[in-house]
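J.: I'd like to ask you about the structure that follows.
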Amino acid sequence: MTRNYLVVEIIEQMKPSIKRGLQNTAYQEREDLKQEISLRLVQAANDMEVISFWEFKKRYDKRNRYQTRKKDQLTSS
């Protein structure tokens with residue numbers, strides 16, 4: 001799967017949520033806001049770094065060790 005395919009898939013899956021959110025917006029501004037939300041989804045997807053599962057696990061474990069250490073320091077003070 002290409003990144004473009006995934007971006008389109010994400011936008012399609014988000015359409016119901018976007019549509020519900022747009023109901024709280026003035027009618028004349030809905031289309032502009034819908035386009036802005038879609039644009040930001042595309043930008044966010046393009047900014048994402050593609051990593052393997054093992055790289056993700058390594059980063060996740062490292063982050064959890066850091067948070068546990070920090071939590072231990074706060075409780076021992």
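Matching residues to (1) at positive phi; (2) within 15 Å of the chain's Cα centre (by Cα); (3) of a type outside the set (V, I, T):
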| site | (1), (2), (3) |
| --- | --- |
| L6 | no, yes, yes |
| M14 | no, yes, yes |
| I18 | no, yes, no |
| E29 | no, no, yes |
| A44 | no, yes, yes |
| D47 | no, yes, yes |
| E55 | no, no, yes |
| D61 | no, no, yes |
| S76 | no, no, yes |
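J.: So which residues in region 1-52 are loosely packed, with under 12 Cβ neighbours inside 10 Å and hydrophobic (A, V, I, L, M, F, W, C)?
T.: Scanning region 1-52 gives M1, A26, L39, A44, M48, V50, I51.
J.: Using the structure shown, decide if Y66 is surrounded by fewer than 10 Cβ atoms within 10 Å (Cβ to Cβ) and either assigned to a helix (DSSP H, G or I) or without any contact (Cβ under 8 Å) to a residue 24 or more places away in the chain (or both). Explain how you work it out, then say what you get.
T.: Values: surrounded by fewer than 10 Cβ atoms within 10 Å (Cβ to Cβ): no; either assigned to a helix (DSSP H, G or I) or without any contact (Cβ under 8 Å) to a residue 24 or more places away in the chain (or both): yes.
So Y66 does not fit the description; no.
J.: Among the residues in region 20-37, are any at pLDDT below 90 and either assigned to a helix (DSSP H, G or I) or in contact with a Leu (Cβ under 9 Å, 6 or more places away or on another chain) (or both)? Full working, then the answer.
T.: Start the filter on region 20-37 by keeping residues that are at pLDDT below 90, which leaves none.
No, because not a single residue in region 20-37 is at pLDDT below 90 and either assigned to a helix (DSSP H, G or I) or in contact with a Leu (Cβ under 9 Å, 6 or more places away or on another chain) (or both).
The values are calculated or read from the model by the stated rules, or taken from the named source; none is laboratory data. Source: prediction; values computed, not measured. Every residue, glycine as well, gets a Cβ built from its backbone with ideal geometry; the counts of neighbours run over all protein chains shown.
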